[in-house]
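Colleague: Quick one: the structure is below, questions incoming.
The values are calculated or read from the model by the stated rules, or taken from the named source; none is laboratory data. What you see is a predicted model, and the numbers here were worked out from it, not measured in a lab. Note: ideal-geometry Cβ built from the backbone for every residue, glycine included; neighbour counts use all protein chains shown.
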Amino acid sequence: MFVSDDIPETPSPTNPQRKRLFGQRQQSAPLDPSTIEVIAPSGRKAAMQGMDRTERQVGYIAALFAAAMGVLGLLIFPKNHLATQKPVHDACTPPYSFNTSTKVCEHLVSNQLLTIAAVSVVFAVAIALSVRFNRRIAATFSALLSGVAFTSFSISVGAPLLIFGGWLFLRARRIQKWGTVQSREVAILAAEDRRVRKAGGTSTKGMTASEYRASLAEKKSARSGGSTKGPDTSKRYTPKAAPKKRPAPAPVEKPPSKWRTRLEGLDKER
């Protein structure tokens, strides 16, 4: 009896972690543009003015960050700093005093830590209240203003607040243009919009066909003002007719002067 040494290979189960290590990630199915839920044009203004759950959570974190930076600066930074200047005619102007060892005028200046901490807390409260009352514009303005104020001390302190304010503005811009804040959905809608415009269609900016017709009807009714008017006057330019020239009057011959009549002998002919 013949026995083969060959062992049949059994397919090994796919290991997603192994695929991830070797760069064999499974690609997700492309998203159909028709299945994307976009905000209707009539509701985009309200969505832009408000904030969603994710934005409010990040807003509270930004408010805590601003307050923590103010309190941390109060604990870390020194209360005073040494200001120096060169003496003028071997003398120092008050309140500077001459230091014999360094040969310069010195004066201790307060860092105003309490004022800085109070302003930081005010900025933090402004961000928190804007988020609490769901005001996107106020939260964006408070975050950007706080970021600019903190940047005067350190760019690493003000950068997170500036990024938060710019992030809120970017998401509001996405809602205004496409009706969604997800970057993947915006990319798909933008690609579909480019395809429609390339094919000769009309750009809808993320709106469905019914929503686009409704927006056109709203614009038309707003333009007409809701009242029945007569037919619009033609906007075609018609050049004005040239004015008619009046005929020039016949020249009137003036009688010759006395000197001319005497010179030419016309008075003798009479």
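Colleague: Taking the range 75-104 as the region of interest, how many residues are among the hydrophobic types (A, V, I, L, M, F, W, C) and surrounded by 12 or more Cβ atoms within 10 Å (Cβ to Cβ)? It would help to see each step written out before you state the result.
Modeller: Here is the first cut: in the range 75-104, the residues among the hydrophobic types (A, V, I, L, M, F, W, C) are 75-77, 82-83, 88, 91-92, 98, 104.
Then drop every residue that is not surrounded by 12 or more Cβ atoms within 10 Å (Cβ to Cβ), which leaves 77, 83, 92, 98, 104.
The qualifying residues number 5.
Colleague: Check Leu74 against each of (1) modelled with pLDDT under 80; (2) of a type in the set (A, V, I, L, M); (3) within 30 Å of Val196 (Cβ to Cβ); (4) in a helix (DSSP H, G or I) and name the one condition it does not meet.
Modeller: Of (1) modelled with pLDDT under 80; (2) of a type in the set (A, V, I, L, M); (3) within 30 Å of Val196 (Cβ to Cβ); (4) in a helix (DSSP H, G or I), only one is false for Leu74: (3).
Colleague: Consider the range 91-136. How many of its residues are out of contact with any Ser or Thr (no Cβ under 8 Å at 6 or more places or on another chain) and in a strand (DSSP E or B)?
Modeller: Number satisfying all stated conditions: 7.
Colleague: Among helices (runs of 4 or more DSSP H) lying entirely in the range 166-265, which contain 3 or more residues that are exposed (fewer than 10 other Cβ atoms within 10 Å of the Cβ) and modelled with pLDDT under 75?
Modeller: Here the list reads 209-224.
For every residue, the table says whether it meets (1) in contact with a Gly (Cβ under 8 Å, 6 or more places away or on another chain); (2) touching a residue at least 12 places away in the same chain (Cβ under 8 Å); (3) under 18 Å from Ala63 (Cβ atoms); (4) of a type in the set (S, T, N, Q).
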{"site": "Val125", "(1), (2), (3), (4)": "no, yes, yes, no"}
{"site": "Leu129", "(1), (2), (3), (4)": "no, no, yes, no"}
{"site": "Phe150", "(1), (2), (3), (4)": "yes, yes, yes, no"}
{"site": "Ser156", "(1), (2), (3), (4)": "no, no, no, yes"}
{"site": "Ala159", "(1), (2), (3), (4)": "yes, yes, yes, no"}
{"site": "Phe169", "(1), (2), (3), (4)": "no, yes, yes, no"}
{"site": "Arg174", "(1), (2), (3), (4)": "no, yes, no, no"}
{"site": "Arg195", "(1), (2), (3), (4)": "no, no, no, no"}
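Colleague: Hey, Phe65 hits all of (1) closer than 24 Å to Pro160 by Cβ; (2) loosely packed, with under 11 Cβ neighbours inside 10 Å but one; which does it fall short on?
Modeller: Condition not satisfied by Phe65: (2).
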